[in-house]
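Here is the structure we will look at.
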Amino acid sequence: SLKTNAGDLVLGNGAYNDAMLTVTVERGTKTADSITIHNYDNSQNEKDDNDLVVYGELIATGDVNIINDESHVTVDASIVQGDNVTVDAASYISNNAVVEATGNVDFVAVTTVDNRNGITANKDVTFDAGNAVANGGNVTASQDVTFKAAVGAVENKGVIRGADIKFEAETNVINTNSITASKGVTFDAGDQVTNNSNVDATEDVIYNAEDY
């Protein structure tokens, strides 16, 4: 359990064992600058990989970085708030926190990005997954929203608002909630695009798919 009220909060871990790394930032804590929680890759094999779970409230005036070079990241904090908010995982990302950024929000995962809560950003929101993207939260960006799945599918169940909005998937893109863009919307799928809700854009709405 960590608490700081001034300066940067930086936590690094390089353990050899496979224990789960659990970090709790105490409720009401606010740093003067940034928060970085980083689990470094120091494992001898996959059995030694540490999962990273974050609880509490992460509130910073600067950037918030949550990084796991070995395995999963689960964000079970009630809120993550900062300038740029970055979550980076060597496996999957599971986010259950409200995320608010005055800059960008970037979720980058080697396998899956799974978001289950609301995200707002004054700039861009990007989910970049090596496998699949599953979004169940409402996402609002003043600039662009991009969901990208390099191997699998993108499935969106949340309300999406932004400037340019792009869904890119190697297999399927599935949307079941409203999309509002101040510019354009692009659905780009290697296999199929399925859209079951309203899409409102001031510019082009583009569907690129083998089967639509």
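Only the coordinates and a few stated rules stand behind these numbers; no lab work does. These numbers come from a predicted model, not from an experiment. Ideal geometry is used to build each Cβ from the backbone, glycine not excepted, and the neighbour counts take in all protein chains shown.
Key figures for this structure:
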quantity: Using a Förster distance of 35 Å, the FRET efficiency for residue 191-residue 98 (Cβ separation, nearest 0.05); calculated: 0.60
quantity: Whole-Hz ³J(HN,Hα) from phi, Karplus 6.51 cos²θ - 1.76 cosθ + 1.60, for the stretch 161-168, glycine and proline x; calculated: 10, x, 8, 8, 10, 10, 10, 10
quantity: Per-residue HN-Hα couplings for the stretch 91-102 [Karplus 6.51, -1.76, 1.60; θ = phi - 60°; Hz; x = Gly/Pro]; calculated: 10, 9, 10, 10, 10, 10, 9, 6, 10, 10, 10, 7
quantity: Loop-located trypsin sites (Lys or Arg not before Pro) in the stretch 158-212, at most 15 other Cβ atoms within 10 Å (DSSP); calculated: 183
quantity: Eligible aspartates and glutamates near residue 148 by straight Cα distance, threshold 13 Å, same-chain separation 8 or greater; calculated: 106, 114, 128, 168, 170, 188
quantity: Modelled label reach - residue 183, point 7 Å along Cα→Cβ, the stretch 127-151 residues with backbone N closer than 12 Å; calculated: 142-146
quantity: Relative contact order (%) - criterion: Cα under 8 Å, at least six apart; region: the stretch 78-180; calculated: 19 percent
quantity: The stretch 70-91 versus the stretch 99-120: alpha-carbon centroid distance in Å; calculated: 8 Å
quantity: Two-site FRET efficiency, residue 207 against residue 143, from Cβ-Cβ distance with R₀ of 22 Å, rounded to 0.05; calculated: 0.45
quantity: Residue 79-residue 198 FRET efficiency (beta carbon distance; Förster radius 30 Å; 0.05 resolution); calculated: 0.55
